[in-house]
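What follows is a short report on a single structure.
The values are calculated or read from the model by the stated rules, or taken from the named source; none is laboratory data. Since the structure is predicted, the reported quantities are computational estimates derived from the model, not experimental observations. Glycine also receives a Cβ, built like all others from the backbone with ideal geometry; neighbour counts cover every protein chain displayed. When the accessible area is computed, the model is the full protein with side chains, heavy atoms only, and any ligands, DNA or RNA have been set aside. Shrake-Rupley method; radii C 1.70, N 1.55, O 1.52, S 1.80 Å.
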Amino acid sequence: MRRAAGTGRSLEDALREAVRSGRLAAGTRLPGSRALASDLGLARGTIVRAYTQLAAEGWLIGSSGSGTRVAHVNVPESVDVDRRSERAPTEHRWRVDLRPGRPDLASFPRTAWATSVRRVLARAEAGVLDYGDFEGSATLRASVAAYAARARGVRVTPDAVVVTAGFSHGLALLARALRDSGVREAATEDPGLARHRELLTAAGLTCVPLPVDEFGADPADLTAETGVALLTPAHQHPSGVVLSPARRGEFVAWARRTEGFLIEDDYDGEFRYDGRPVGALQALDPERVVFAGSASKALAPGLRLGWLVVPPALRAPVSAAIRDSGAGVSVIEQLTLADLVARGDYDRHVRRVRAVYRRRRGELADRVRAVTGLVLGGAAAGLHALLPVPSAEHERRLVAAGAYVGLRLQGLHTSGYRHPPDPSAPAALVLGYATPPPHAWRQALDLLGDVLEAEGPRAGPTASRP
């Protein structure tokens, strides 16, 4: 009985979609229930129930003597290539997701995490579960300080660490603290994440663009009016370039000269595939650089665990912003992450997924080169790579073509990276090769290859680089 019910629902869904898409035109007469049951190998009652249900919903019309016909309903127009974005799948129907800035969530170390949770709960004293320090657990702050110093070359002591609910939360706190310290203008990379500009603007700061070229963000236009610059120096998001040594020095010199600050978003700094990761910019001047890290790319964004290494001049304003926001991070999650780091499981996990992402980037580069003749832009690092395309319009068509086949793509123009929007600026797809789970990676390459084969750019003078 349960199987018959499932078969009937599948038949209903198929008939609804056929009417909705226009494959069954209004007035079309459907086969009789007896004939269709024989053709499909189903019970006649299953067919009758499906017809009855669809007639009740208005998809079909049944009348004595004339059989069952398709009702006159409003159906979408046929879709051409320029309207593919209107046929984009809903959230749960994407076949493959190639958005950037996301790790492979299937790789999350569940066993190690669960073991650490049990260990933490078994040894934690009751007082640990009381209201704690707004700036974070002393255990995790010490663990983060040791890890950031060892893995990223950060100059830090535990008292400089503030635990946050991810980078966005940390940036919102910093924006409030900077505003309360008298800062009115913030410089952000162009292209760069629109969400970061929104958080800075929400705190009352004015955002001005920092152009990005092959050497990273350019500090040439910074002035004394700008009080802070937000940078992704290890692997610029989204261009993928690494901030050059000369530019690093220029930014630090500007911060010292103007008594401004730099926010170093080290969002995927652990992942470098052609050599050792570039050390933290913060090490050049811990008095002027805020180092911001998180577990979002190494583990999972849903953990909502991040940290700031805050210069002395900003510690009081940041602490006040934390208290005023009333937001904190679960102490159990904090202690679990500290245990994971202390026992080496965090490092082992990073090494394991780094090898996976290195292989994926190589396979992506090979597929793109085979189909288009183009070379991926950006350093061999992080969780995404850039594919240059001829124009913003071409980028839009690629994103729409991907959506049409269930492939989720992002581009420099279509995802709001440009600040301010400029249709004439270089265009590119921002391909997140870490996002698909292992079982979907080959399908991701195949779907992307098909879209590029049909709509993609080719090597030559028309393919520009951001």
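What do you get for the angle between helix 138-152 and the principal long axis of the chain? Use alpha-carbon atoms, 0 to 90 degrees, nearest ten.
90
What is the percent carbon and sulfur in the accessible area of segment 395-451, measuring with a 1.4 Å probe over the protein chains and ignoring ligands? Don't skip to the answer; put the middle values down first.
Numbers: 1120 of 1970 Å².
The value for segment 395-451 is 57 percent carbon and sulfur by accessible area.
Calculate for the chain the 222 nm mean residue ellipticity that helices alone would give, adding -39,500 (n - 2.57) per DSSP H run of length 4 or more and normalising by residue count, nearest 500 deg cm²/dmol. Walk me through the numbers on the way to the answer.
On the way: 13 runs with 190 residues, N = 466.
The helix contribution divided over the chain gives -13500 deg cm²/dmol.
What part of the accessible area of segment 147-253, given as a whole %, is carbon or sulfur when the probe is 1.4 angstrom? Working shown, then result.
Details: 2120 of 3870 Å².
Taking all protein chains in place, segment 147-253 shows 55 percent carbon and sulfur surface.
With charges set only on the Cβ (+1 for Lys and Arg, -1 for Asp and Glu), what does the dipole of the chain come to about its Cα centre, in debye to the nearest 20?
The calculation lands at about 1860 debye.
If I fit a long axis through the Cα atoms of helix 2-21 and take the longest principal axis of the Cα atoms of the chain, what angle between them do I get, 0 to 90°, rounded to 10?
90
Keeping all protein chains in the complex and leaving out DNA, RNA and ligands, what accessible area do you get for His413 with a 1.4 Å probe, in Å² to the nearest 10?
40
For a quick check of your reading of the filter: which trypsin sites (Lys or Arg not before Pro) in segment 371-466 sit in a DSSP loop and have no more than 13 other Cβ atoms within 10 Å? Walk me through the intermediate numbers first.
Values: sites: Arg396, Arg397, Arg408, Arg418, Arg442, Arg458; in loops: Arg418, Arg458.
In loop regions of segment 371-466 (DSSP not H, G, I, E or B), the sparsely surrounded trypsin sites (Lys or Arg not before Pro) are Arg458.
Taking only Cα atoms, what is the 0 to 90° angle, nearest 10, from helix 441-455's long axis to the longest principal axis of the chain?
For helix 441-455, the angle is close to 80 degrees.
Heavy atoms only, probe 1.4 Å: what % of the accessible area of segment 292-368 goes to carbon and sulfur, would you let me know?
Numbers: 1420 of 2820 Å².
The value for segment 292-368 is 51 percent carbon and sulfur by accessible area.
Got a sec? Charge dipole of segment 341-415, +1 on Cβ for Lys and Arg, -1 for Asp and Glu; which of Pro390, Gln410, Ala380 is way out at the positive end?
Of Pro390, Gln410, Ala380, it is Ala380.
Give me the distance between the Cα centres of segment 107-176 and segment 317-350, rounded to whole Å.
Computed from Cα coordinates, the inter-centre distance equals 2 Å.
If each Cα of segment 122-249 is one equal point scatterer, what is log10 of I(q)/I(0) from the Debye formula at q = 0.14, 0.20 Å⁻¹?
One equal scatterer on each Cα of segment 122-249 leads to -0.76, -1.25.
Provide the net charge surrounding Ala298, with neighbours chosen by a C-beta distance below 15 Å and charges set as Lys +1, Arg +1, Asp -1, Glu -1.
Numbers: positive: Arg102, Arg110, Arg150, Arg152, Arg272, Lys297, Arg304, Arg348, Arg351, Arg352, Arg354, Arg358; negative: Asp104, Asp265, Asp266, Asp268, Glu270, Glu333, Asp345, Asp347.
Cβ neighbours under 15 Å give a net charge of +4.
Taking the Cβ-Cβ separation of Arg93 and Asp446 as r and a Förster radius of 22 Å, what is the calculated FRET efficiency to the nearest 0.05? Please list the in-between numbers first.
Working: r = 18 Å, r/R0 = 0.82.
Rounded to the nearest 0.05, the efficiency is 0.75.
Which cross-chain or sequence-distant (5 or more) residues have an amide H under 5 Å from the amide H of Gln410, H modelled 1.01 Å from N in plane?
Here Val430 satisfy the definition.
If you roll a 1.4 Å probe over the heavy atoms of the protein chains, what accessible area per residue do you get for the chain, in Å²?
On the way: 21250 Å² over 466 residues.
With all protein chains present, the chain gives 46 Å² per residue.
For segment 256-296 and segment 370-393, what is the separation of their C-alpha centers, rounded to whole Å?
25
Take peptides 304-315, 126-137 and line them up by average Cβ neighbours within 10 Å, highest first, as a rough protection proxy. It would help to have the intermediate numbers written out before the result.
Values: 304-315: 21.7, 126-137: 14.3.
Final packing ranking: 304-315, 126-137.
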